[in-house]
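Below you'll find the structure, written out as structure tokens, and then a few comments.
A short reminder: the numbers here are calculations on the coordinates, not readings from a lab. Remember, it's a predicted structure, so these values are computed and weren't measured experimentally. Don't worry about glycine lacking a Cβ; one is built from the backbone with ideal geometry, like all the others, and counts go over all protein chains shown.
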Amino acid sequence: MLKVNDLSIGYGLSQVVHDINLELGKGEILGVMGRNGMGKTTLFKALIGLLPSWSGDIQMGGVELTGERPYRRVASGLAYVPQGRQVFATLTVEENIRTGLEATGQKKIPDDIYSLFPVLQEMRKRRAGNLSGGQQQQLAIARALAAEPDVLLLDEPTEGIQPSIIKDMAKTLREIRQVRNISILFSEQVLSFAMDVSDRVLVMDRGKLVDEMQGEELSEATMAKYLSV
Amino acid sequence: MGGYTTSEIATIMAMQGIAGLSLFGVFLLMALGLAIIFGQMGVINMAHGEFLTLGSYATYVVATMFESYAPGLFSYYFPVAIVLSFLVAFGVGYLLEYGLVRHLYKRPLDTLLATWAVGLIMQQIFRSIFGGRGVSADAPDWLQGSIQLSQMLFLSRSDLFVMCIAIAMTVIVAILLYRARWGMRVRSTTQNRAMANAVGINTAKVDRNTFALGCGLAGIAGSAFTTISATTPTAGAQYLVDTFLVVVLGGAASLLGTVASAFSIAQAQSILEFFITGSMAKVLTLMVVIGIIMLRPQGLFTLKVRQ
Ligand SMILES: Nc1ncnc2c1ncn2[C@@H]1O[C@H](COP(=O)(O)OP(=O)(O)OP(=O)(O)O)[C@@H](O)[C@H]1O
Ligand SMILES: [Mg+2]
């Protein structure tokens, strides 16, 4: 589905992400694990087009995305849930979801969205800014799903969310894959969550992908050297 | 206040207040346009006044055409003129955004200078085509005369008409902003441009249409303006400062604020003008507005939400 070749990214003169190669299979859930400041967000922003890449290329189902503006990438089947959620605070919950429809031009919110996130249906007339952090995270995912993506990008979905809800989030992600048959690429620091959902994990260290593990190889022991501070 | 009795003052205030209604209409239409452009892109369009002038000349042209080619239909020229003024101003605004403003979004000072220059160029073009002296079309008969409210108070039909157009346009803009898809795009882009783009909204196109719509509203203001006064190349430029005041006082984020602010400033100027000179009235209004802004920098009305 998503294919990234030799991607390098930076800010100003300093390079932050180095020669990333990755390929996301259809229906695969792939995690990128790494500590704070390792370059996860930088990578995700470049994938959706919010940051220009220095070199390398990004393809979706064989279509070249490099250099395209973000909204064009969304139209090509990529959807993005940013770190910190960034819902539109003054818009209602329903309007937030509707912004995701812009990519497809559809008029109707897909049926599965409210069944995946029943709480959003209850709150659909509320302003998004008044939702709790966990609800905002669900809303950010719902907004991305409204664009009917083939690949969902999630940058640190568990950040600032309490452990009991992290469990639900993992369940929801698996449900999303099952209902939509889409691929998911997420970045994460919480090992238990990654163990719960991913088929495969890449490890990011100082801007480079340094290791790869299958989901079942993932454990405290194998990840210790990358995640412990 | 001089040798006036209380009841005389009340009558004078009422008269001036009624006279201020058309000013309110023009302020409101101008401020709506300026506010949606400023709210959306943070751009202050110094050529905004010239879009009023453009609308006025377009209305004048339509009136002249009707006079020569369809005199029998003359009384209906106004609706046609309003639509055409809007379209012309919208079109020119669209081109201005596409050709110039969009290249300067990250440079507010340059935008200010560039749009100011565009305003001067437009004034010169108007002067070359229509001459420096004012032109005016006869108002259709249904806009002439006035309605008597009491023994002393008359409301001219054209003033009433201007105010009605302004309020109707405000309602339309409100519906567009809060009920239509375009408004959802505008509001999400205003709030978080990068994220709006990353959820799939073509924000550059939203910018262009919003800019053009703001200019189109100034065009309608121009159309309305022809019922108040003759059109000169600098007719619109005179309203620019007042329009800024209205937007700043009302807070660019709030339609209701814009309405209230247009009303207060128009009324203040119109009423004060009777007692002191016009320019003193302006100075006084300006000082009060500055005072209010110092106390409430966000304008009188703002949206409150978390985050
Ligand atoms: N706008 C920016 N300008 C300059 N440097 C930046 C900018 N944003 C991030 N960086 C730097 O790039 C590096 C990677 O940051 P990034 O946000 O991608 O890390 P991350 O892995 O997402 O971290 P976290 O887990 O804290 O979200 C950091 O060293 C950071 O200081
Ligand atoms: Mg990050």
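The table below lists the values:
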{"read-out": "Geometric extent, Cα atoms of region A:129-229 - Rg, Dmax (angstrom)", "value": "14.1, 40"}
{"read-out": "Unit charges on C-beta of K, R, D, E only; dipole of the protein assembly as shown, Debye", "value": "500"}
{"read-out": "Charge dipole of region B:10-238 about the Cα centre (unit charges at C-beta), most positive-ward option of B:Leu176, B:Ala63, B:Thr190", "value": "B:Thr190"}
{"read-out": "Net charge contributed by nearby residues that have their C-beta within less than 10 Å of A:Leu145 (K/R +1, D/E -1)", "value": "0"}
{"read-out": "Shielding by other protein chains, A:85-96, mean Cβ within 10 Å", "value": "5"}
{"read-out": "GNM flexibility winner over chain A from A:Lys40, A:Lys107, A:Lys208 (Cα, springs under 10 Å)", "value": "A:Lys107"}
{"read-out": "Anisotropy class of region A:61-109 from Cα gyration tensor, a/c 1.5 cut", "value": "oblate"}
{"read-out": "Integer Hz, Karplus 6.51/-1.76/1.60 couplings in order for region B:275-290, x for Gly and Pro", "value": "8, 10, 6, x, 6, 5, 4, 5, 4, 5, 4, 4, 5, 4, 4, 4"}
{"read-out": "Loop-located trypsin sites (Lys or Arg not before Pro) in region B:123-212, at most 10 other Cβ atoms within 10 Å (DSSP)", "value": "B:Arg133"}
{"read-out": "Karplus (6.51, -1.76, 1.60) ³J(HN,Hα), θ = phi - 60°, over region B:41-55, in Hz, Gly and Pro reported as x", "value": "10, x, 9, 9, 8, 5, 8, 4, x, 5, 6, 4, 4, 4, x"}
{"read-out": "Out-of-range pairs (alpha-carbon distance over 22 Å; input A:Lys3/A:Lys167; B:Lys106/B:Lys205; A:Lys26/B:Lys205; A:Lys3/B:Lys106; A:Lys40/A:Lys225; A:Lys45/A:Lys208)", "value": "A:Lys3/A:Lys167; A:Lys26/B:Lys205; A:Lys3/B:Lys106"}
{"read-out": "Shape call, the protein assembly as shown: gyration tensor on alpha carbons, a/c limit 1.5", "value": "prolate"}
{"read-out": "Among B:Ile292, B:Ile220, B:Ile37: highest mean-square fluctuation, GNM of chain B, C-alpha pairs under 10 Å", "value": "B:Ile292"}
{"read-out": "Eligible aspartates and glutamates near A:Lys125 by straight Cα distance, threshold 13 Å, same-chain separation 8 or greater", "value": "A:Glu94, A:Glu95"}
{"read-out": "Kirkwood hydrodynamic radius (C-alpha pairs) into Stokes-Einstein, region A:2-227, 25 °C and 0.890 mPa s, D in µm²/s", "value": "139"}
{"read-out": "Farthest toward positive dipole pole in chain A [+1 Lys/Arg, -1 Asp/Glu at C-beta], among A:Met123, A:Ile9, A:Met195", "value": "A:Met123"}
{"read-out": "GNM top mover of B:Ala262, B:Ala81, B:Ala194 - chain B, alpha-carbon springs below 10 Å", "value": "B:Ala194"}
{"read-out": "Debye, to nearest 20: dipole size of region A:2-227, +1 on Lys, Arg Cβ, -1 on Asp, Glu Cβ", "value": "820"}
{"read-out": "Cα-centred dipole magnitude for region A:162-229, charges only on beta-carbon of K, R (+1) and D, E (-1), debye, nearest 20", "value": "220"}
{"read-out": "Dipole-positive endmost among A:Gly84, A:Ala170, B:Trp116 within the protein assembly as shown (Cβ charges, Cα centre)", "value": "B:Trp116"}
{"read-out": "Antiparallel %, DSSP beta bridges [both residues in the protein assembly as shown], to 5", "value": "60"}
{"read-out": "For B:Ser146, residues with placed amide H under 5 Å, excluding near neighbours", "value": "B:Arg157"}
